Amino acid sequence: MTATTIPTARLGAAGPEVGVQGLGCMGMSFAYGPSDAKQSQAALDRAFELGVTLYDTADAYGVGENERFLSPFFKAHRDQLVIATKFALSIPPGDPTRRVIRNDRPYIRQAVEGSLQRSTSTSSTSTTCTAATRPSPSRTPSARWRNWWPRARSSTWA
């Protein structure tokens, strides 16, 4: 193994310093077929060893399962990393194949608080959490979104 670590950069003008490469964790418990917890844990450990301090997850990844899987790792390094989470892609509890876009204030609060609780196993934490919403199609005129939305709605999305 190499002793090299990645460079860092500040998030915003006064935000935390993070490794310039983040790690997207969706596939560790969701989306790409069966997952292997030992391999995923090894990937987390190696990424951290190399200087990765920004970890991306979302409440929709396995209906919170991804955040629960990551929780022990996050707790072990709580003062050394930043959690990036996304929300607005709601999965109704009774229909896990359905996707609903939600950007309303009550859902945003529920999603962010739920992500923090699942990822850190406590509602009070010093871990920095950044949150990003998916855009609402009615408020996003970009061609990319207009091209994506009809395809998404025509598949398993609602």
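Laboratory data are not the source of any read-out in this text; all were calculated from the coordinates shown. What you are looking at is a predicted structure, and each value in this text was computed from that prediction instead of being measured. Cβ coordinates were reconstructed from backbone atoms using ideal geometry, including for glycine residues, and neighbour counts include every protein chain displayed.
A protection proxy built from the mean count of other Cβ atoms within 10 Å ranks the segments 34-46, 77-89, 100-112, most packed first, as 77-89, 100-112, 34-46.
Computed over region 1-65, the quotient of the alpha carbon radius of gyration and 2.2 N^0.38 Å is 1.26. Taking amide H atoms as placed 1.01 Å from N in the peptide plane, the amide H of Asp56 lies under 5 Å from those of Leu23, Gly24, Cys25, Ala84, each 5 or more residues away in sequence or on another chain. Only Cα pairs under 8 Å and 6+ residues apart enter the sum, and on that basis the relative contact order of region 1-76 stands at 33 percent. Expressed as a whole percent, the proportion of Cα-Cα pairs in region 40-120 lying more than 16 Å apart is 52%.
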